[in-house]
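First up is the structure itself, then whatever we jot down about it.
The values are calculated or read from the model by the stated rules, or taken from the named source; none is laboratory data. This structure is a prediction, so every number in the text was calculated from the model and none was measured. With ideal geometry, Cβ positions are generated from the backbone for all residues, glycine too; neighbour counts draw on all protein chains shown.
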Amino acid sequence: MALGVPLACYWRAIGVPLAAGAPQTWLRPCFFMGTFRPKCQHRPAMPIIDSESRGGIHWLTLNRPRVKNALSPELLESLIAHCAKLAADRSIKLVVLRGAEHAFSAGADLPAFMAALTGPDSRAAAELGLRACTSLLSLPQITVAAIEGSCVGGGLVLAANCDLRFATRDAKFKIPELELGIPLAWGALPRLIQLLGEGPALSLTLTCRGFSAEEASRMGFVEFCDSPEAMLSQLESIASRPQDALSVTKEQLSQLRSGSFDFGEEAERLLEALQDPETLAAAQRYLSRRGHA
């Protein structure tokens, strides 16, 4: 291959990454003294998580489609940072976590994580997934995992730490950690037992078998949606609810999870809601549709 460049540069030029986190490049023709030579160029930097708000919904999109949105340490750090910003923004009604290009996440980026786990700050790397899950679970907004395609390992654990999970027909799930020879981490087993019950959660963890969106729906892990359009309609419907009602519901959910739910606060919250203009307008629309205006 007489191209006048090292082989490594050629692989970079045709877009083949040499290592996890390596910059991505593409081939541009360059003629020099009558010889065709590939010229390496860096792609414009793309955010590892796309973040945008529309209509009361904030979308967090895992943006590593070349590796099915595998979870690198850098991506998890970015997710933690995004959650910290969102926690202070009470204008957002709903936070939706999804993956780019019809895949939720293929799980942990093993080469990137192995490098971090054998490095000088290995304990911090080992705790990173748990920190990301805790950041999602503790958001004051209702959170939804919008799942298409692969939802594997750490990706499934992130989804489990959202309040709701919607999945389309093509969604595929698996917990392969024990098959890889590593214990399930990131606080996954307690959360899965909470959602599914001890028997189903332990079975999926030990057998490492894959399961479909239909089966995930039957066991109560996801809400099944026929199409991405149906999923979007469901999300928009939730985001149309009054802000106060959504915020109180999430607060009650967090209290139930921590065992601190106070029944005595319910009446006070109801009376507060009846002073909220958005709540009153929603009630009026509901009654008008049913001929009670």
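Within region 113-136, the set of residues being assigned to a helix (DSSP H, G or I) and either loosely packed, with under 14 Cβ neighbours inside 10 Å or free of Cβ contacts under 8 Å to residues at least 12 places away in the same chain (or both) comprises MET114, LEU117, SER122, ARG123, ALA124, GLU127.
Looking at GLU265, GLU198, GLU251, GLU215, can you tell me which residue is of a type in the set (D, E, K, R), surrounded by fewer than 17 Cβ atoms within 10 Å (Cβ to Cβ), within 20 Å of ASP163 (Cα to Cα) and not assigned by TED's automatic domain parsing to the domain that holds PHE166? After ruling out the rest, the residue left standing is GLU251.
Screening ALA146, ALA81 for residues that are under 17 Å from the mean Cα position of the chain (by Cα), in a strand (DSSP E or B) and of a type in the set (Gly, Ala, Ser) leaves exactly one candidate, ALA146. Taking the criterion of being without any contact (Cβ under 8 Å) to a residue 60 or more places away in the chain, acidic (Asp, Glu) and either surrounded by 23 or more Cβ atoms within 10 Å (Cβ to Cβ) or farther than 25 Å from ASP244 by Cα (or both), the residues of region 63-112 that qualify are GLU74, GLU77, GLU101. Within region 218-248, work out how many residues are of a type in the set (Lys, Arg) and either within 19 Å of LEU139 (Cα to Cα) or surrounded by 14 or more Cβ atoms within 10 Å (Cβ to Cβ) (or both). Within region 218-248, residues that are of a type in the set (Lys, Arg) and either within 19 Å of LEU139 (Cα to Cα) or surrounded by 14 or more Cβ atoms within 10 Å (Cβ to Cβ) (or both) number 1.
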